[in-house]
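Have a look at the structure below before the remarks.
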Amino acid sequence: MERTLKEIAELIEGVVLGNDQITINGIQSLDDACEGEISFLSDNRYRDRIKHTKASALLVSAKIESFKGPQILVSNPSLAHAKIAGLFSMPVPRFPGVSPEASIDKTCRLGRNVSVYPQTYIGPEVTIGNDVVIFPGVSIGAQAKIGDGSILYPQVTIYHACMIGNRVIIHAGTVIGSDGFGFAQDGIKNIKIPQMGIVQIDDDVEIGAHNTIDRAAFGKTWIQRGVKLDNHIHIAHNVTIGEDTIIAAQTGISGSVQIGKQVIIGGKTGTVDHITIGDRAMIGPGSYVYQSVSSGEVVSGIPIMPHRKWLKTLRIMPRLTEHHERLRRLEKKFEILEKNND
Amino acid sequence: MERTLKEIAELIEGVVLGNDQITINGIQSLDDACEGEISFLSDNRYRDRIKHTKASALLVSAKIESFKGPQILVSNPSLAHAKIAGLFSMPVPRFPGVSPEASIDKTCRLGRNVSVYPQTYIGPEVTIGNDVVIFPGVSIGAQAKIGDGSILYPQVTIYHACMIGNRVIIHAGTVIGSDGFGFAQDGIKNIKIPQMGIVQIDDDVEIGAHNTIDRAAFGKTWIQRGVKLDNHIHIAHNVTIGEDTIIAAQTGISGSVQIGKQVIIGGKTGTVDHITIGDRAMIGPGSYVYQSVSSGEVVSGIPIMPHRKWLKTLRIMPRLTEHHERLRRLEKKFEILEKNND
Amino acid sequence: MERTLKEIAELIEGVVLGNDQITINGIQSLDDACEGEISFLSDNRYRDRIKHTKASALLVSAKIESFKGPQILVSNPSLAHAKIAGLFSMPVPRFPGVSPEASIDKTCRLGRNVSVYPQTYIGPEVTIGNDVVIFPGVSIGAQAKIGDGSILYPQVTIYHACMIGNRVIIHAGTVIGSDGFGFAQDGIKNIKIPQMGIVQIDDDVEIGAHNTIDRAAFGKTWIQRGVKLDNHIHIAHNVTIGEDTIIAAQTGISGSVQIGKQVIIGGKTGTVDHITIGDRAMIGPGSYVYQSVSSGEVVSGIPIMPHRKWLKTLRIMPRLTEHHERLRRLEKKFEILEKNND
């Protein structure tokens, strides 16, 4: 596929500096770009690489004097990159139609223009929307519902009765609707509390590989519109995650936690259960969230504290043994002083 | 399904206060219960919700004056909830018999009343007990054994020769019997140490989604009766986990660790290898277990220390930068004092 | 299979003390060895167990006087164990040929002596080398390439266009080539940045169960020759991991991190993105790697610091509340002193 620079600039509402009639056939990083490709500067750390790039054009937020080719000025080069990459990226591979090697229960309703790969299982009374792609090894339990345009990559499991919205992307191996971890103690034995609820995933959610999202004890575990989850994330039963929230890899959210909208949570973070994290809060990586976080708060750490304080605390950590010595020294001096004063 | 309150009370050995002839058709949380359903108060944090509940009856540990309907008095409302939910919960979906789309080696022995979904693989000389349910995508390696009444959810992998007991529940994607992580160094190269043992899972164990339990180098990795594991847990080779122990999500247990009975381990905890954790020990979430823990000990933290001390330490953590300043100030003052004293 | 002790000694370049004509039919741990088996002492912690072992011969690095049977002296008993175990271990179970129940695209090229189990999917234009074993539930996307002698255990997913080298072992459930976690913000919405690169895995890599290795935004995420990864590891887009590096379970490597050769990283470690970890660096378990690490450095901790300093810091952690008290006491005393001096 080829586009003129003018066409590209129109897509991203940018302004071309230089010849807007050159044709572009791809987008690449500064280091790897070839002639005919456009590249971008989204982070000033990479400014040096512009000298050596072979890209034919650049996306920039301010004119780069040292680059001789045409440039497109945009306010947000990352966003422009995302949109242009959409033009040139390989489309998601699609099986042509429904494979005869798929196992599809005859009570299942399939939408139009669906791709179902071989080695898949779709259970009784499942509803599959239009334009859905179901990769090999996917298993969809009874009465589940998959909305229009969603993509389930290989080995995804959707347990019975779970609801997946429109344009949801779920990467390989992710499990939606396994039982929440609930047991009641009967003397020394642990008796399973049946998990009677479901998982509901709303529109435009993207879930990375190897997430587990447990079904609710009652009601639903609920991932709202536009949420983006990285890999290896654990979402316990009855959690709600608000719209457009982003969570990085290997984080675990404990039971019944309520997370607001547009929250950002760093990787490897853990929370206690039954707390609330307010809208637009930010939580740094590796944090231990032992209590609720208010809207707009920026916290980090073990345990969480204001983010700047945690950054300072990290600088103090390697000095704790030194503190220990200094404290002891002061105490000794003081002792001597006290003796002398007697 | 409907039961009278009297029938329910008998099941859970409770005492009915009020009309025991009303019929109950479900159990729900206080917020979501409708007329005809029973609810429960297992945590006093939710006491306020009783005012607004539409439940027709309640499970309580002491009479709630403000609730007008009949109540069942029980000593442990959580346990009663677990048992009643078992009455009303949707049974595990079962494929009717053995799917012709399953791949079952002809040397495999299948018990009575087995459900085998399509898209499953059962290898040579495998033994499957009675009443077992095997969901789509499950793979069971040669010579493995699955006991009566066990449930393997989608995409579970059982490697060759591993032994699964009776009434074991394994959630989607969990891997039993992958090679332990063992390498010997040959100069700069790492030479694989063949992992010649197995994994043995005893009766009544429940394993969440996406656990990995590695086979032993020699002998067995052993999960004993009644153990309950949450999601994303890693159990390394040659670990033993004692009866009725509970481990929360994203915890990792290193090689050859021996864990006793009725231990409780919080989420995101990690251990060093070759240590022992005694019976009934409790280890808080996010802990770094760098040494053995005695029976009955309650520890937490990075590194583990008595749990109460860790709680205090967490309160001190945000004050470390302040300590730093105070220490410096004291030292300066002392210096001046010393000079003046000269 | 049986071998004389002499034959075994020749394989591992060891020296036999005692009768080298006895026959050996297996290798076992000291505790579990039976007559006819050889055992080994790789760790002096287990020296006591030699008294009770029933092994007929031992691998040792120095003669054990208390053991009456023949011994093989070797410089590295662990390595010798690895090599001998290779003689006696059960070979990887292999399906005889290509199962008619596998779904293999007709444009796919299969090498000689390939095992393809039932319930597998191999997509268009995939290349599979000689002697490859593909277990049930594996899904290999379009245009991917698997080198000679590689083993893909059940439920492994290889996304389209990814490249797997020769003699690579990938354990169950691992995902290679899922999209990197990249989004650009468009107001409050997060717009997906198409991930246009691949994952390349070089020869002799072993990857444990449930790893996720994301495809690059551009170019490749690259796991170089001889790398060994444990279970539940997350490798983000555009990471490079150098030859013979070892990473333990549940570690996460953030985007664009460059890791050198022969690095050792402990379990549950996390890193920030875009840093460099030099050749032969060692990073302890549970670390927070917030900045680059130089070649040969040995670091640990939250945050990373020299390993010995972290060990001391761990000893100080349980004393922080005591420090707090001691500091306060000193301040009070000082206050009184100052008053008296006035």
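Filter B:189/B:261; A:220/B:309; A:220/B:268; A:192/B:312; A:54/C:220; A:261/B:83 down to the pairs with a C-alpha to C-alpha distance above 30 Å, please.
On the way: B:189/B:261 40 Å; A:220/B:309 37 Å; A:220/B:268 24 Å; A:192/B:312 34 Å; A:54/C:220 19 Å; A:261/B:83 37 Å.
Cα-Cα > 30 Å for B:189/B:261; A:220/B:309; A:192/B:312; A:261/B:83; rest within.
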Inset, instruction - Report, as an integer, the average count of C-beta atoms from other chains found within 10 Å of each Cβ along A:21-29. - result: 2
Legend entry - Which of B:163, B:289, B:88, positive extreme of dipole for chain B (C-beta unit charges): B:289
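So what's the net charge close to residue A:125: Lys and Arg +1, Asp and Glu -1, counting the other residues with Cβ under 14 Å from its Cβ? Don't jump to the answer; show the numbers that get you there.
Numbers: positive: A:106, A:109, A:145; negative: A:105.
Charge balance in the 14 Å sphere: +2.
Can you say what percent of the DSSP beta bridges in chain B, counting only those with both residues inside, are antiparallel? Round to 5. If you can, show how the numbers build up before the last one.
Values: 11 of 76 bridges.
Here the share of antiparallel DSSP bridges comes out near 15 percent.
222 nm [θ] for chain B, helices only, -39500 (n - 2.57) per DSSP H run of 4+, per residue, to 500? Mind showing how you got there, number by number?
On the way: 4 runs with 51 residues, N = 342.
About -4500 deg cm²/dmol.
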Legend entry - Selected from B:141, B:165, B:26 as most flexible by GNM, with chain B as the system and alpha-carbon contacts under 10 Å: B:26
Inset, instruction - Hey, can you grab everything whose amide H is under 5 Å from the amide H of residue A:298? Only 5+ residues off in sequence or another chain; H modelled, so Pro and N-termini drop out. - result: A:282, A:307
Legend entry - Paramagnetic reach from residue B:45 (point 7 Å along Cα→Cβ, amide N under 14 Å) across the range A:207-240: A:237-240
Inset, instruction - Give the relative contact order (percent, whole number) for the range B:3-88; include only Cα pairs under 8 Å separated by 6+ residues. - result: 30 percent
Inset, instruction - Answer with one residue from A:154, A:139, A:187: the one whose Cα lies farthest towards the positive end of the charge dipole of the range A:103-309, charges on Cβ with Lys, Arg +1 and Asp, Glu -1. - result: A:187
Legend entry - FRET efficiency for residue B:332 and residue C:328, using Cβ-Cβ distance with R0 set to 22 Å, rounded to 0.05: 0.80
Inset, instruction - List, in order, the whole-Hz ³J(HN,Hα) value for each residue of the range B:95-103 obtained from phi through the Karplus relation with A = 6.51, B = -1.76, C = 1.60 and θ = phi - 60°; use x for Gly and Pro. - result: 5, x, x, 9, 5, x, 8, 7, 9
Legend entry - Alpha-carbon centroid distance for the pair the range B:170-204 / the range B:238-307, whole angstrom: 20 Å
Inset, instruction - Starting from the amide H of residue C:251, placed 1.01 Å from N in the peptide plane, find each other amide H under 5 Å away whose residue is 5 or more places distant or on another chain. - result: C:234, C:268, C:269
Inset, instruction - Identify which of C:12, C:134, C:170 has the largest mean-square fluctuation in a Gaussian network model of chain C, with springs joining Cα atoms closer than 10 Å. - result: C:12
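If you average the sequence gap of Cα pairs under 8 Å that are 6 or more apart and divide by the length of the range B:261-326, what percent do you get for the contact order?
Working: 121 pairs, mean separation 15.7, N = 66.
Taking the mean separation of contacting Cα pairs over the length of the range B:261-326, I get 24 percent.
Roughly how many debye, to the nearest 20, is the charge dipole of chain B about its Cα centre, given +1 on each Lys and Arg Cβ, -1 on each Asp and Glu Cβ, and no other charges? Before the final figure, lay out the partial values.
On the way: 36 positive and 36 negative charges, 181 e Å.
That gives a dipole near 860 debye.
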Legend entry - For residue C:307, net neighbour charge (Lys/Arg +1, Asp/Glu -1) across residues whose Cβ lies under 15 Å away: +4
Legend entry - Calculated from backbone phi, Karplus (6.51, -1.76, 1.60) coupling profile of the range A:55-60 in Hz, x at Gly/Pro: 4, 7, 7, 10, 9, 9
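Could you tally the net charge around residue C:208, taking each other residue with its Cβ under 10 Å from the Cβ of residue C:208, Lys/Arg +1 and Asp/Glu -1? Kindly include the intermediate steps, with their values, before the conclusion.
On the way: positive: C:228; negative: B:179, B:214, C:206, C:230.
Net local charge, residue C:208 excluded: -3.
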Legend entry - Lys/Arg +1, Asp/Glu -1 at C-beta; the range A:217-326 dipole; positive extreme among A:305, A:224, A:238: A:305
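Could you give the length gained on full extension between residue B:19 and residue B:295, defined as 0.36 nm per residue of separation minus the Cα-Cα distance, in nm? Don't skip to the end; give the middle numbers.
On the way: separation 276, 0.36 × 276 = 99.36 nm, distance 4.70 nm.
The span from residue B:19 to residue B:295 would gain 94.7 nm if fully extended.
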Inset, instruction - Would you mind working out the magnitude of the charge dipole of the protein assembly as shown relative to its Cα centre, with +1 at each Lys and Arg C-beta and -1 at each Asp and Glu C-beta, to the nearest 20 Debye? - result: 2400 debye
Legend entry - the protein assembly as shown shape via C-alpha gyration tensor axes, a/c threshold 1.5: rounded
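Coordinate-derived values only; no laboratory data. Quick caveat: nothing in here was measured; it's all calculated off a predicted structure. Every residue, glycine among them, receives a Cβ derived from its backbone with ideal geometry; neighbour counts consider all protein chains shown.
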